[in-house]
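Only one structure is covered here, and it is reproduced in the block below.
The values are calculated or read from the model by the stated rules, or taken from the named source; none is laboratory data. Fair warning: this is a prediction, and the values are worked out from it, not measured in the lab. So basically every Cβ, Gly included, is an ideal-geometry build from the backbone, and we count neighbours across all protein chains shown. Side chains are part of the model used for accessible areas, which takes the heavy atoms of the whole protein and leaves out ligands, DNA and RNA. Shrake-Rupley method; radii C 1.70, N 1.55, O 1.52, S 1.80 Å.
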Amino acid sequence: YLWEAGSPACQRAGIECSDSGKVTAIRLPSLGLRGPLIPELGFLGELHSLDLSNNFITGFVPSEFRFVDKLIDFDIRGNELQGVIPVLLCITEGINSNGVGPEGTNFDLLYTCDNIACARGTYSEFGRAVVPTEEDVDGTQCMPCYDDEATYYIGRDSCTDISIGGLQFRQDDIQHGVVYTIFALFTLAFI
């Protein structure tokens, strides 16, 4: 967005404020934003939604985010964030439905850092796990990702490897013909 220097925050595109002028939502997805998450965002006491998905944000998730006690929607998928989610943020109830689920839900699914963002080496279509909303429903979990970038970034929402019949193949294997060979063997076995 072409924000005018010095313009009030509440009048900027992608920013929502309460009647009292406090920032309640920041929604800036897919804008090519670059640089680190600034710790000062953690001190926006009325912030309930922060969507910075699909940008080029780097660095780490600041531990100051644990102070945003009204945050319920936190979307950082598709960036280049490294490290881990701060532990105190992982046990904060309410963020991305963390700690909220039907009775009988496995405690390990209710409170996990994956509910904030998938750990390095994993992914889901949402860039995080999704807590089950009904009994006997698994929700969405972060799955292993084997491509070369998988070990670097958290909050991945895709991988470049391919899954066929429950087997995952790396992009390099596909380029070297392994998938075609296995497909041919399956076809021969079927015939």
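Placing dummy labels 7 Å off each Cα toward the beta-carbon, the span from GLU46 to ARG34 is 3.4 nm. For Cα Rg over 2.2 N^0.38 Å, several values are listed as (1) 1.13; (2) 1.22; (3) 1.04; flag the one computed from this structure. So the structure-derived entry is (2).
Solvent-accessible area of the chain (1.4 angstrom probe, protein heavy atoms only): carbon and sulfur portion equals 56 percent.
Accessible area per residue for the chain, computed on protein heavy atoms with a 1.4 Å probe, is 59 Å². Could you give P(r) for region 19-75, binned at 10 Å from zero, as whole percent values over all Cα-Cα pairs? Pair shares across the bins are 23, 56, 20, 1. Using the Cα coordinates of region 57-109, the gyration tensor eigenvalues translate into equivalent-ellipsoid semi-axes of 22, 12, 11 Å, sorted from longest to shortest. Farthest toward the positive end of the dipole of the chain, out of THR112, PRO86, ILE72, is the Cα of PRO86, where the dipole comes from beta carbon charges about the Cα centre.
DSSP beta bridges fully contained in the chain are about 45 percent antiparallel.
Nothing charged except the Cβ atoms of Lys and Arg (+1) and of Asp and Glu (-1): what's the magnitude of the dipole of region 1-74 about its Cα centre? Round to the nearest 20 debye.
Once rounded to the nearest 20, the dipole reads 160 debye.
Around the Cα centre of the chain, unit charges on the Cβ atoms of Lys, Arg, Asp and Glu (plus for the first two, minus for the last two) sum to a dipole of about 520 debye.
Excluding SER97 itself, calculate the net charge of residues whose Cβ lies under 13 Å from the Cβ of SER97, where each Lys or Arg counts +1 and each Asp or Glu counts -1. Charge balance in the 13 Å sphere: -4. Axis angle, to the nearest 10 degrees, between helix 178-190 and the longest C-alpha principal axis of the chain: 50 degrees.
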